[in-house]
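Remarks on the structure that follows.
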Amino acid sequence: IKIAEGCSNVCSYCAIPYIRGRYRSRKSENVLAEARMLASQGVKELIVIAQNITSYGRDLDLGVNLSRLLRELCKIEGLEWIRLMYCYEDEITDELIETIKNEDKICKYIDIPVQHCSRRILEAMNRKSTPESIRSTIKKLRKHIPGISIRTTMIVGFPGESAEEFEELCDFVSEMRFERLGVFEYSREEGTLAADLPHQIAKETKRRRKDRIMRLQQAISLENNEKYIGKTLKVLVEERFEDGSYEGRSEFDAPEIDNAVLFTSKKALEPGRFV
């Protein structure tokens, strides 16, 4: 369910503000009405999405914010999982952390696209986060919500990214050990501020840097997955295969981009059921 359109952050690599305009929150009553309709149709998982959901409500001047919206969504009968995607680190408040912690329907999962860890690169990207704030927020989330699955994305090959700054990013990935991580090669988007920056990085260099980060993350992901050995997870059934086995997802996995859970069952299970 989309709770806002557009974006007002104007990150230097991103064309979305020029394409979709400034950030505009939907009225909470409209969001809640749509969510109730979806629940009445049998929807069990609601993915709350926008370019940046943590800015929700600030343009409405009605005393509404993301935490209050989420608490109302949690009251809707029939919904079992509420998933948060695209939270900007610098806008993750203590109130939001407490809401995720205390509301059983909210998946212990959060998508925070941090993009980089170098102070100079973050400033050139026009991001509001700093290396210190990113580390502090991740530490706070893990302290207050034990077992939370944190997804992030990184951009490699931003104009002027030096070999040293890339090594800093590799060290950061190894240090933070994100549960889920994706990497994009910087793309030169026409009309953006970064498109006109000097020292554009060669395509082959960007590819090598992306592959290096993904190899690092592959080992981290394996270790993270091994923590689940011997544990029982609540799983949403998504597909039944011809051999009678099943594929589903836990609360720690968003559809299409994260892990799947493969399992067997002596009972016939329908997609959309929790087991």
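Among residues of segment 195-206 being charged (D, E, K, R) and open to solvent by less than 100 Å² (accessible area, probe 1.4 Å), the one that is nearest to M125 (Cα to Cα) is K206.
Among residues of segment 1-42 being under 19 Å from Y109 (Cα atoms) and among the β-branched types (V, I, T), the one that is surrounded by the most Cβ atoms within 10 Å (Cβ to Cβ) is I3. Checked against (1) part of a helix (DSSP H, G or I); (2) under 22 Å from M85 (Cα atoms); (3) open to solvent by 10 Å² or more (accessible area, probe 1.4 Å); (4) touching a residue at least 12 places away in the same chain (Cβ under 8 Å), G147 passes all but condition (1). Only one entry in L66, L70, L62, L84 is of a type in the set (A, V, I, L, M) and either over 23 Å from F178 (Cβ atoms) or open to solvent by 40 Å² or more (accessible area, probe 1.4 Å) (or both), namely L62.
For every residue, the table says whether it meets (1) among the basic types (K, R); (2) part of a strand (DSSP E or B); (3) open to solvent by less than 50 Å² (accessible area, probe 1.4 Å).
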{"site": "R212", "(1), (2), (3)": "yes, no, no"}
{"site": "R215", "(1), (2), (3)": "yes, no, no"}
{"site": "Q218", "(1), (2), (3)": "no, no, no"}
{"site": "Y228", "(1), (2), (3)": "no, no, no"}
{"site": "L233", "(1), (2), (3)": "no, no, no"}
{"site": "E238", "(1), (2), (3)": "no, yes, no"}
{"site": "E242", "(1), (2), (3)": "no, no, no"}
{"site": "D253", "(1), (2), (3)": "no, no, yes"}
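Of the residues screened, R207 is one that is of a type in the set (D, E, K, R) and more than 21 Å from the chain's Cα centre (by Cα). In segment 216-244, the residues that are over 15 Å from L262 (Cβ atoms) reach residues that are acidic (D, E) with C-beta atoms within less than 7 angstrom, at least six apart or across chains, in these pairs: N224/E179; K234/E251. Here L141 meets the list (1) in a helix (DSSP H, G or I); (2) among the hydrophobic types (A, V, I, L, M, F, W, C); (3) farther than 30 Å from Y228 by Cβ almost entirely, failing just condition (3). Within segment 24-72, being within 27 Å of D253 (Cβ to Cβ) and among the acidic types (D, E) holds for E34, E45, E72.
Residues in segment 155-185 that are in contact (Cβ under 8 Å) with a residue 60 or more places away in the chain and open to solvent by less than 10 Å² (accessible area, probe 1.4 Å): F158 alone.
When residues in segment 101-142 are screened for being hydrophobic (A, V, I, L, M, F, W, C) and within 19 Å of P159 (Cβ to Cβ), 6 of them pass. Scanning segment 127-158 for residues that are over 17 Å from the mean Cα position of the chain (by Cα) and farther than 17 Å from D90 by Cα, we see that the one that is modelled with the lowest pLDDT is P146.
Among the candidates E95, E132, E123, the residue that is within 19 Å of M176 (Cβ to Cβ) and either open to solvent by 10 Å² or more (accessible area, probe 1.4 Å) or part of a helix (DSSP H, G or I) (or both) is uniquely E132.
The values are calculated or read from the model by the stated rules, or taken from the named source; none is laboratory data. Please read all numbers here as calculations on a predicted model, not as lab measurements. We place every Cβ from the backbone using ideal geometry, glycine too, and count neighbours over all the protein chains shown. Note: accessible area is taken over every heavy atom of the protein model, side chains too, but ligands, DNA and RNA are not part of it. Shrake-Rupley method; radii C 1.70, N 1.55, O 1.52, S 1.80 Å.
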